Amino acid sequence: MSQQLFIAVATGQNVSNMPPILQFAHRGDTVLWLESSLAAQQGWADGAKQVLKARGLVNTQQSIDGDINSPLAIQNAVQSWLNQHQPDMKTLYIVLNGGQKLTAFGLALAGRIWRDERKRPLLFLYGDDRPAQLQVYRERIGSQPEMLTYDASRMLSLREVLQVNGFELQNQPEAIDWREPQKKVRYGTDLAFTRIVHKYAMQAEDTQQKVCDWPPFQHWAKKPKNQFQERLEKLFESFGIRVVHKGKRADDFHANLVSIVRKFHPKKPKLSIQADDRKQLQAEGWIVNDTVIMGENFERVVANRLARYLADKPKASSIVRECKLNTKTQGAEWDVVVVLVNGIVLNLECKSWQADKKDLDARFRMLRSASGRLARMSVVMPLFEGMDEPIDEKMRANYEHVKNMLGVSVLPLTMHHHTPSDNLSFEAGLDQLFKPYIV
């Protein structure tokens with residue numbers, strides 16, 4: 001039998017309604033959703049209802065006859081449901097997070113009926129965004145609130161956050177558990193090894209064109225077509241490109257040449273990996289098909305550093321529900337995701353080299369669509385001191401471009417346990433990221 005009744009106003013951001021409910025709810029309890037005509041039509045509360053049902057709670061709803069911003073309309077909706085159902089619950093919890101500015105006044109009026117006429121306990125709940133805590137008002141909103149920290153084990157998982165917003169996981173992302181000892185990795189802790197990684201990774205990702213000895217245009221028409229073809233064929237062969245097969249007419253070659261030249265962006269010759277370097281890179285799992293691969297390895301390093309940070313920072317870890325690596329949902333992929341106890345999602349988007357504004361903007365929009373408008377995204381980029389000069393120069397240029405030109409939040413991945421000359425470290429960046437949410 002239901003012992004507790006929860007009342008919440010359905011909204012387009014129902015993630016904010018959920019933590020206050022989950023903090024106190026038990027299996028069999030009832031959640032009453034007050035729905036405007038728009039909320040009912042668009043199914044705003046459908047995802048939240050599914051999550052609560054899976055947790056053993058009972059969902060019911062009551063339409064709001066009138067403006068959701070009208071206190072009287074809210075009061076009448078609650079009174080109507082109470083009169084029809086005559087619930088025999090011991091305690092009523094009213095969640096104040098949903099609705100508009102005046103909605104809370106209607107909820108306060110509705111709660112007064114329960115308190116004064118039914119003589120049963122009444123609690124008003126409001127979940128803060130920053131810090132991640134819960135305000136509890138006993139009997140009346142005007143009372144002094146009790147500030148509670150959320151029980152992380154009761155809060156929304158990433159899967160449930162997505163479900164509340166009408167999305168779903170399309171893979172099984174890897175859990176990042178800061179409670180377990182983390183594997184020691186050399187990248188980001190060993191300067192010499194980190195330099196080796198970027199030495200070979202840079203040439204693999206570098207799109208700088210090799211200088212080509214193109215025949216001057218003014219001489220093209222003066223040369224016989226066959227002679228011109230032979231010169232161009234030799235040039236392309238030096239880059240490993242076969243232009244035409246034997247026996248093909250020179251006229252066909254010229255037509256084919258136009259297409260090739262338009263698409264031709266040759267990279268610098270691949271740098272062969274020295275034996276000792278290869279041995280070290282293979283031991284750490286950085287080589288795939290004789291090429292140093294940054295993407296997935298860089299994401300794992302960031303996840304490892306995040307886990308170490310949370311293990312060392314109990315205040316920060318106390319507001320974290322879970323962390324995931326490589327999450328996929330409809331139209332989106334996220335690298336390192338942190339779900340806070342109040343349902344807010346933080347995404348660490350890992351970019352080992354360059355970043356594109358259109359891509360980052362699209363990822364941020366999808367993040368907020370799938371997890372809520374309070375989600376945050378920070379781009380993590382390598383920024384190590386002591387690299388070889390070309391690498392160091394490009395690394396800092398990429399970082400400054402994303403930070404200053406693209407105008408997005410950027411966290412520099414620096415050497416672990418090393419304070420850079422400008423005091424800008426990865427862990428200091430995480431301090432700033434978590435600070436507003438820490439109780």
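Atom-type composition of the exposed protein surface of region 278-353 places 43 percent of the accessible area on carbon and sulfur (1.4 angstrom probe). Potential lengthening of the chain between THR91 and HIS401 amounts to 106.1 nm, from the contour at 0.36 nm per residue minus the alpha-carbon distance.
Secondary structure note: in the chain, about 50% of the DSSP beta bridges are antiparallel.
Per residue of the chain, the DSSP helices (runs of n ≥ 4 H) give a summed -39500 (n - 2.57) that works out to -12000 deg cm²/dmol at 222 nm. Accessible surface ranking for GLU393, GLU322, 1.4 angstrom probe, highest first: GLU393, GLU322.
Averaging 1/r over each pair of different alpha-carbon atoms in region 25-73 and inverting the result gives 11.6 Å, the Kirkwood hydrodynamic radius.
In plain terms, the chain from THR60 to GLU296 could stretch by 80.5 nm, reckoned as 0.36 nm per residue minus the Cα-Cα distance.
Of the accessible area of region 56-202, computed with a 1.4 Å probe over protein heavy atoms only, carbon and sulfur atoms account for 47 percent. Dividing the radius of gyration of the alpha carbons in the chain by their Kirkwood radius gives 1.15 for Rg/Rh.
Computed with a 1.4 Å probe on the full set of protein chains, the accessible area for LEU38 sits at about 80 Å². For LYS90, the accessible surface of its heavy atoms amounts to roughly 130 Å² (probe 1.4 Å, protein chains only, rounded to the nearest 10). Taking amide H as placed 1.01 Å from N in the peptide plane, the amide H of SER409 sits under 5 Å from that of VAL379, each at least 5 places away or on another chain. Each of PHE364, PHE105, PHE193 has its accessible area taken with a 1.4 Å probe; listed largest first, they run PHE105, PHE364, PHE193. Accessible area of ARG231 (1.4 Å probe, protein heavy atoms only, ligands and nucleic acids ignored): about 110 Å². One chain, two ends: GLU180 and ALA283. Fully extended at 0.36 nm per residue, the span grows by 34.8 nm beyond their Cα-Cα distance. Once both labels are positioned 7 Å from their Cα atoms along Cα-to-Cβ, the gap between ALA311 and GLN13 label points is 3.6 nm. Model label sites at LEU148 and ASP392, defined 7 Å from Cα along the beta-carbon direction, differ in position by 5.4 nm. Here each label is just a point 7 Å from Cα along the line to Cβ, and for ARG115 and ARG365 those points are 4.5 nm apart. According to the Kirkwood relation over distinct C-alpha pairs, the hydrodynamic radius of region 46-171 is 16.2 Å. Probing with 1.4 Å while keeping every protein chain in the model, the per residue accessible area of region 18-173 equals 47 Å². Of the residues LEU96, LEU374, ranked by 1.4 Å probe accessible area with the largest first, the sequence reads LEU374, LEU96. Can you give me the Rg/Rh ratio for region 272-362, using Cα atoms for both radii and the Kirkwood formula for Rh? Across region 272-362, the Cα-based Rg/Rh ratio is 1.06.
The values are calculated or read from the model by the stated rules, or taken from the named source; none is laboratory data. Keep in mind that this is a model prediction, so the values were computed, not measured. Cβ coordinates were reconstructed from backbone atoms using ideal geometry, including for glycine residues, and neighbour counts include every protein chain displayed. Accessible surface is based on the protein model in full, side chains and every heavy atom, while ligands, DNA and RNA are left aside. Shrake-Rupley method; radii C 1.70, N 1.55, O 1.52, S 1.80 Å.
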